[in-house]
Each structure stands twice: as C-alpha cells, then as structure tokens.
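K.L.:
Sharing a structure with you now.
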Amino acid sequence: MGDSEAAAAAANAKLDGNEALKSADLPRAIELYEKAVQLVDKAIDEVPQEGALRNNQLVRYADGRYAIIDTAYPQFEDYVIMDLYNRDIVRHKVGRHDFDVVSKRFMREELHSVPQELFDLKVACLQNIALATLKMAKGTKRASDFEEAVKRANDALALDGKSPKALMRKGQALVDLRDWQNAFQCLAVASQETKGKDPEVQRLLQTVMVMKGKGKGNPGPRYGKGKGGLPFCPCKDPKCEDGTKCYEKAQAEAAARANPPPPPPIEEEESHSEDEPDTEILKRIRESEWKPVDVPPPPDPPKPSTGAGLRTSIREMAPEPKKAQEKHGSSSSSNSSNSDDEGNLKIEEIDSEQERMLAAEKKKKQEMEKKVKEEEMKEEEKRRKRQEKEQEKESQQQKQQTQ
C-alpha cells in the first residue's frame, strides 16, 4: 500500500469499521468506512506521477471513474483506456448521429496513475458500506432504505462493474423491493462471476426466477448497454436481449450434465432348450433377420503385361516340340515345327520392340544428362567470371589505397 500517512490512516479506519460492523453498530461502521474512502482519495491524490504509462496500468480519468490503459501510444503521448464499470473502451461522439463515435484518446496529464492496493481498499470500503446499509434496511423494512442500499452498491459498481459482492447486495436489495427484472440482471452476472459456487447468490437467483414466473405479461430482463442495465448476459453474446431464456437453457444443460439418463437395458438373448424342435425356433425368428449373404464375385484372371510378362505368356502358349513329337508321333512333326517357328518369330518381335524402347530411354537419359552438364558448366562459367570481377575490383581498391 502507499507509504503516505493518508493511506495508513485509511487502512486503520477500515479495520475500525470492520469491528463496528461485527458488533452490529451499523451507523458507526458506515461513518468509519466513509472516512476511509475519503482518506483513500487523498492518498491517491498524493501518489507521485511517473512519466509514461504502460498497458494494463490502473488510472483515474474522472471523478470517481477508473480505467486501465488498453493501448498506449508513447510516440504520440496519448492513451486509449477501458472503463472498469462496463469493461468497454471510453468513446466520444464526433458527429450528429449516435453511431458517430470513436475511441477517445487521453493525454498524459488527463490520467492519474493509481496503485492497485489503494483501489482495492476503496472498493472494499464501498462494498462494506452497501452491506451495512442493507442490514439497516432489513431492520427498518422501509423502501427508501432499500433504495439507499441499491445506491451504495452502485457506488462500488462504478469502480468495478463485475464485483460479485456489490452485485449480490444490489440484487438482494432489489429482491426486497420486488424489482424482479433488475434483480435478475444483477444476480445473473454475480452467478457468472462466482461460477455458480456462491450458495447465497444461487438461492436469491432461484427466488427471483420463481417470482418472475408468477407475473403476467412480464417480458423478462433486457440485456445490453441500455439505460440502468448491465452490459452482460449469461450467454456472453452482446446481441442478446433476453437473458432469461439464456439462463434457463444454461441451467437445464447443467442439470442434464449432473444427472445423465440411465443407459438402456441390455437385451438378453433367449435361451433355447436342446429338446425344442427346429421348426419352433424358426417361427420365432423375425423376418427382418433373414438377410441374404452376399457372395463376392470371383477375381478377374491376371492380364498379361507388356515386355517380359508378355514374352513369358507367349512362351507358355507356344507348344514344346519334344512333347508334341512324343504325343503325336512322327506324322505331326512338320506341324509342330511350323508352330514353333511362329512362336519364335513372335518372341523375336517382342524382344526387338523392347530393345528399341530401352534404347530410346537410354538416349533420352543421355540427353538429359548432357543438358544438366551444360547447365552446370554455364553456372560454373558465371561463377568464375563473377570471382574474376571481384578479384579485379579488390586489386583496384588496393592500388588506390597504396597510391
């Protein structure tokens, strides 16, 4: 925390306020917390300001309004900031229309650097003031006192729009005022910030949802950056306008995940006795279980390929002269010799065709190798000439230096 006397006095005043709150001396607690807030403001004013600001640094840009540096432009000495209440870039209007807005750039002298410890101390004091005011309102049960509690909670939310404690206390005061729409807005955001782990927030939220369901013609809470509303929705969609359906859908999904449906029962196969005849078993089989068996077609016979495969197939088809002589005798020797000659001719033709193909491929390969060598020689020649030029240039520079 800051080293100034005001910062130390503010911390002591907050501790005294906590003791008064525990002893149920609510007016005294509110007085001490307000004193602590004043001392914190004084301590913030006494904080020495450094030259340039950094991104994500906490600053005060107006009375009671705080922000963090979103983008720093040191070369231009200006900054774009994000307000901590609505978590949005601070903008200003540049034209006649509502959409003629641009990001406002603040100069260094317009921003006051704030230590995080002093900011947290001020938020805690404002939250405790809202708590003490709410307790007093519950004792008096006057609507004006509950409205005062809402106002005190808004003071804390002006510094931090996502403060769960301030949102819960504002929502609780709105519940007592029976303002179900605004209460749902506050409590839904508080539930989102606490991730549903705060039982008091969840209880209040359930109460609001039940009471909202009893109303007639209630359109439900409207989300967006409208007047008096919070810019948050449980679905995190900036275009969403009805947060009730989003929250109910999220609750239903969470309940479904917590209580999944039981798995379907496993059907046991019916046991058949050995003495049961086959006709009785066939009667119980459903017609849908009779499925024809698809027999795969026989594989196609291998086709002879060109080259060695075709030569082998022709040789297999060609008759062997010795076996033919033994089978048909000396009378068919002339026929077998003729068929053998035809087979040999075909084999020779295939061999010659294959040799021509191999020769063409060899020639093509030689031509490619020749081209590659020529390219390499050209590159080598270029490299040699470049080296000669560099050497000549270096020699000229050396001569100039010696002269």
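The values are calculated or read from the model by the stated rules, or taken from the named source; none is laboratory data. All figures in this text were calculated on a predicted structure; none of them were measured in a lab. Note: ideal-geometry Cβ built from the backbone for every residue, glycine included; neighbour counts use all protein chains shown. Accessible surface areas use protein heavy atoms only, side chains included; no ligands, DNA or RNA. Shrake-Rupley method; radii C 1.70, N 1.55, O 1.52, S 1.80 Å.
K.L.:
Distance cut-off 24 Å, Cα to Cα: go down the list Lys42/Lys170; Lys22/Lys122; Lys138/Lys195; Lys135/Lys249 and report the pairs above it. Don't skip to the answer; put the middle values down first.
P.N.:
Details: Lys42/Lys170 27 Å; Lys22/Lys122 19 Å; Lys138/Lys195 27 Å; Lys135/Lys249 34 Å.
Long pairs (Cα-Cα over 24 Å): Lys42/Lys170; Lys138/Lys195; Lys135/Lys249.
K.L.:
Of the peptides 131-141, 61-71, 362-372, how do they stack up when ordered by the mean number of other Cβ atoms within 10 Å, highest first?
P.N.:
The packing order, highest mean first, is 131-141, 61-71, 362-372.
K.L.:
Once you sort the root eigenvalues of the Cα gyration tensor of the range 1-150 as a ≥ b ≥ c, which label holds: rounded (a/c under 1.5), prolate (a/b larger than b/c) or oblate (the other case)?
P.N.:
Oblate is the answer for the range 1-150, as a/c is 1.5 or above yet b/c matches or exceeds a/b.
K.L.:
How do His112, His97 stack up against each other in accessible area, from largest to smallest, with a 1.4 angstrom probe?
P.N.:
Details: His112 35, His97 85 Å².
So the residues, ranked largest to smallest area, are His97, His112.
K.L.:
So if each residue of separation counts as 0.36 nm, and I subtract the Cα-Cα distance between Glu392 and Arg178, what length gain in nm does that give?
P.N.:
On the way: separation 214, 0.36 × 214 = 77.04 nm, distance 9.64 nm.
That pair, Glu392 and Arg178, stretches by 67.4 nm at full extension.
K.L.:
Nearest 0.05, what FRET efficiency do Glu46 and Glu374 give at R0 = 60 Å with Cβ-Cβ as r?
P.N.:
Efficiency at R0 = 60 Å is approximately 0.10.
K.L.:
So what does log10 I(q)/I(0) come out to for the range 1-66 at q = 0.27 Å⁻¹, using the Debye formula with one equal point on every Cα and no solvent?
P.N.:
Log10 I(q)/I(0), no solvent term: -1.10.
K.L.:
Could you rank the peptides 114-127, 177-190, 79-92 by their average count of other C-beta atoms within 10 Å per residue, with the highest value first?
P.N.:
177-190, 114-127, 79-92
K.L.:
At 7 Å along Cα-to-Cβ for each site, give me the label-to-label distance between Lys362 and Lys212 in nm.
P.N.:
9.0
K.L.:
Next question, about the same structure. Express in % the proportion of alpha carbon pairs of the range 74-148 at distances exceeding 17 Å.
P.N.:
67
K.L.:
Ok, one more. Could you sort Arg142, Arg383, Arg96 by accessible area so the largest value comes first, with the probe set to 1.4 Å?
P.N.:
Arg96, Arg142, Arg383
K.L.:
A further question on this structure: Could you tell me the center-to-center distance, by alpha carbons, between the range 21-76 and the range 167-205 in angstrom?
P.N.:
Spelled out, the Cα-based centre of one part sits 26 Å from the other.
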